[in-house]
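A quick write-up on the structure given underneath.
Throughout, read-outs are computed from the coordinates displayed, never taken from laboratory work. The structure presented is a predicted model; accordingly, all values stated were derived computationally and were not measured. Heads up, the Cβs are rebuilt from the backbone with ideal geometry, glycines too, and the neighbour counts pull from every protein chain shown.
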Amino acid sequence: MKMRLLCSALMLSVVAAPAMADIVVSFDPTPKTAVLGSGTFSIDIVADIPGDEPIVGWGLDLDIVDPNIAILEGTIQIGPSWTPAALPTENEDLDGLAGLAFPSGVTGTGVLLATVYFTPVALGTTDLLLSDDNATGDLTEGFALEGAGAGFANVIYNVGQIHIVPEPAALALMLVAGALLRRR
């Protein structure tokens with residue numbers, strides 16, 4: 001009887017505990033297709049932030065899996081809901097992906113965190129990865145929850161992708177050259 005009562009109390013406490021939804025961070029659009037030789041292009045980093053978890057600050061790392069396909073330009077625009085955050089000089093992440101929103105937190109679907117700019121350098125495809133070092137004690141990264149001592153939110157980072165394609169005229173020339181070689 002005591003065991004049944006204890007199990008019932010435990011189940012009730014689990015059911016009564018508030019469910020914390022994860023923040024989902026993505027690239028928009030993904031995949032992004034750009035033409036080689038066309039100059040810089042941009043991709044937005046957006047977040048779906050649940051209404052019960054307002055965020056007052058965030059910091060991210062951005063990695064390009066194959067930097068031979070596209071390179072990150074120095075220009076990063078932080079979204080309008082955020083104030084760009086200057087990171088300490090000892091911080092290894094100098095990509096400028098950090099924002100603050102005081103005194104009130106931010107929630108919503110498709111919240112623009114930042115717009116990042118790339119230059120295509122070679123034909124091909126590469127993945128874009130987002131992460132944070134908050135679990136290792138870097139308090140300048142992650143998604144800080146609103147409220148004193150609230151801590152950091154759980155985050156799911158979706159992978160982005162960039163496709164660099166040839167100029168349409170170059171593609172047509174390659175098709176013609178291939179057809180001529182095939183005739184021989």
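Summary of computed values
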read-out: Cβ-based net charge around SER42, under 12 Å, with every Lys or Arg adding one and every Asp or Glu removing one; value: -2
read-out: Sequence of THR140, THR30 once ranked by neighbouring C-beta atoms within 10 Å, starting from the fewest; value: THR30, THR140
read-out: Amide H contacts under 5 Å for ILE76, placed H, 5+ residues apart; value: none
read-out: Contour excess over end-to-end distance, with Cα ends at THR125 and ALA86 and 0.36 nm allotted per residue; value: 10.9 nm
read-out: Pairwise FRET efficiency - GLN77 versus LEU139, Cβ, R0 = 22 Å, nearest 0.05; value: 0.35
read-out: From phi via Karplus (6.51, -1.76, 1.60), per-residue ³J(HN,Hα) for the stretch 126-141 in Hz, x at Gly/Pro; value: 9, 8, 10, 10, 10, 7, 9, 9, 4, 5, 9, x, 7, 7, 8, 10
read-out: Residues VAL121, VAL35, sorted so that the one with the fewest Cβ neighbours within 10 Å comes first; value: VAL121, VAL35
read-out: Ranking of TYR117, TYR157 by count of other Cβ atoms within 10 Å, fewest first; value: TYR117, TYR157
read-out: Cα centroid separation - the stretch 45-63 against the stretch 93-164, whole Å; value: 6 Å
read-out: Cβ charges +1 (Lys, Arg) and -1 (Asp, Glu), total dipole of the stretch 27-129, debye; value: 380 debye
read-out: FRET efficiency estimate (nearest 0.05) - Cβ-Cβ, VAL65 to ALA150, R0 45 angstrom; value: 0.85
read-out: Environment charge at ASP127 (Cβ cut-off 13 Å; Lys +1, Arg +1, Asp -1, Glu -1); value: -1
